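Taking it in order: structure first as C-alpha cells, then the write-up.
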Amino acid sequence: MQIKAIQIAQWVDGKIIRGEENTLIRSVNSIENAKEGDLVFIRDKKYEPFLSNTNASAVLIAEEPTLPLPETLVCIIVKNPEIAFIQILQKFGIEQQPFLPGGIHPTAIIAENVQLGEGVTIGPYVFIGKNTRIDKNTIVFPNVYIGDNCQIGENNCFFPNVTIRENTIIGSHCIIHAGVCIGTDGFGFVFDGNEWIKVPQIGRVVIGDNVEIGSNTCIDRATFGETRIGTGTKIDNLVQIGHNVKIGENCAIAATTGIAGSAVIGNGVRIGAGSGINGHITIGNNVTIGAWSGVTKSVEDGSIVSGFPAVDHSRAKRILVAQQYVPELMKKVKDLEARIQKLENNCV
C-alpha cells in the first residue's frame, strides 16, 4: 500500500508544514526503527530530538518543530498525534489477527437450545452450554468454555482458553484475551470457629459493550446480584476483580491491580499497575490512582491519589521525599536524647 503524504494529512484533518506533499508512505513504525517510506509520530515535544536522526519519511506532530530535522522529513501538524496515528493504523488495516476458519469446527461441543447468530465462528474443542445465545459475527477461538444460560452480543472476539461461567452477560464489540476467567466463584467464606464455611456464589457477571479484558484476568461472579463492568472500560492482564464489584464506563485498569469485593468504581477512572482497592468503598468519577497504590477508603470525584495508604498525590510525593531523610533524622533524635540525658544527669 502506498499513500501520498497529502492524503495522510487529509485522513486525519492535518496540515503539511514542511516537506514534499507527494512523498509516498508505505507503512508505520517507531522513530528508532523507521525506514524510508515509514510514518512516525511524537506525542510530546520532549521527543522532538529523536527526529533529528530518524529515517522516516513523515511524522505526525502537534506543534511546529524548533530543532533542525532531515530535509526529506514531511511534518504533518495534527491536534492529537497519537489519536491520528491510531486512525492511520486503522486505515492501513495493520492489525495482528490470527486466522480462524469460519463456521463451526466438528470438535466443538454445543449443548441443546444454543442460539448462534449469522457469521458466528466456533473453533476446535470449544464447549458451549445449554440455553446460551451468541449473536452474529462473534469469533470463539479454540478451547474456550462458555457455560449455560449465557447471553453474548455481536462482533465479540474470545481468544483461546477463555472461561465464561454460567449466566454471564457480555455486550457487543468486546475483546476477551487468552486465559481470562469470567464468572468464577467469589472469595466468600465465613469462619465458624473451627473451619471456613463457603458462601454459595449465586450471582452473575454483566459486561457492557466495547470492553477489552487482558490475558489471565479474573472477574468473580456476585454472591447475589451482579458484578458489573461498564461500557468502554479497558482492563489489562492479571487483574483480579472481586465479587459484586461495580466498575463504571470508560475506565482504564492496569496490570496486577486487585479490586476487593463490593467496591464501586465510577466512570472514567484510571488505575495504575499493581494497585489494591479495598472492598466496600467508592471511587468517584474521573479519579486517577497512581501505580502501586493502596486505596483503603473512598475517594472523591476528580481526585488524584497515590501511595500506601493512598493520599492526595501532591502529599504522597512529599512523603516519599521525606522518607529519604528518616535515617539522618533518627540519628539526630538519638544524639539529642543523649544530650538531654546528660544535661538531666548533671542537674541531678
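Taken together, the values in this text are just the output of simple stated rules run on the coordinates, not laboratory data. In this text the structure is predicted, and so the values were computed from the model without any measurement. For neighbour counting, all protein chains shown are included, and Cβ atoms are generated from backbone atoms with ideal geometry for every residue, glycine included.
Taking N as the number of residues in the range 196-235, what is its Cα Rg relative to 2.2 N^0.38 Å? Mind showing how you got there, number by number?
Details: Rg = 12.1 Å, N = 40, 2.2 N^0.38 = 8.9 Å.
My calculation over the Cα atoms of the range 196-235 gives 1.35.
Loop-located trypsin sites (Lys or Arg not before Pro) in the range 256-348 (DSSP state not H, G, I, E or B) with no more than 15 neighbouring Cβ atoms inside 10 Å: K297. Computed from backbone phi, the HN-Hα couplings of the range 133-148 come to 10, 10, 7, 4, 6, 7, 10, 10, 7, x, 6, 8, 10, 10, x, 5 Hz, rounded to whole numbers (Karplus: 6.51 cos²θ - 1.76 cosθ + 1.60, θ = phi - 60°; Gly and Pro given as x).
Spin-label model, V326/I17: points 7 Å from Cα along the beta carbon direction are separated by 4.8 nm. Between the amide H of N149 and those of K130, N131, T132, N167, distances stay under 5 Å, these residues lying 5 or more places away or on another chain, with hydrogens modeled in the peptide plane.
Of the listed values (1) 16.8; (2) 28.6; (3) 19.0, identify the label whose number matches mean projected area of the Cα convex hull in nm² calculated from this model. Given (1) 16.8; (2) 28.6; (3) 19.0, the structure-derived one carries the label (2).
Its residues counted as N, the range 194-345 yields a C-alpha radius of gyration over 2.2 N^0.38 Å of 1.40.
Computed over the range 3-92, the P(r) curve from all C-alpha pair distances, binned at 10 Å from the origin, holds 20, 61, 19, 0 percent per bin. Loop-located GluC sites (Glu not before Pro) across the range 15-115 with a Cβ neighbour count of 16 or fewer within 10 Å are E20, E21, E32, E36, E63, E71, E95, E112, with loop assigned by DSSP. Between R318 and F50, the simple label model (points 7 Å from Cα in the Cβ direction) yields a spacing of 3.5 nm. Here r is the Cβ-Cβ distance between S27 and F99 and R0 is 30 Å; the resulting FRET efficiency, rounded to 0.05, is 0.90. Assuming R0 = 56 Å, can you tell me the calculated FRET efficiency for the pair S215 and D335, based on Cβ-Cβ distance, to the nearest 0.05? Efficiency at R0 = 56 Å is approximately 0.55. Using a Förster distance of 56 Å, how high is the FRET efficiency between N143 and R270, based on the Cβ-Cβ distance and rounded to 0.05? With a Förster radius of 56 Å, E is 0.95. Approximating the spin labels as points 7 Å out from Cα along Cα→Cβ, the K130-to-N113 distance works out to 0.7 nm. For Y145, Y325, Y47, the sequence from fewest to most other C-beta atoms within 10 Å is Y325, Y47, Y145.
Assigning unit charges at the beta carbon (Lys, Arg +1; Asp, Glu -1) and nothing else, what dipole magnitude in debye, to the nearest 20, does the chain show about its Cα centre?
Details: 30 positive and 35 negative charges, 149 e Å.
That gives the chain a dipole magnitude of about 720 debye.
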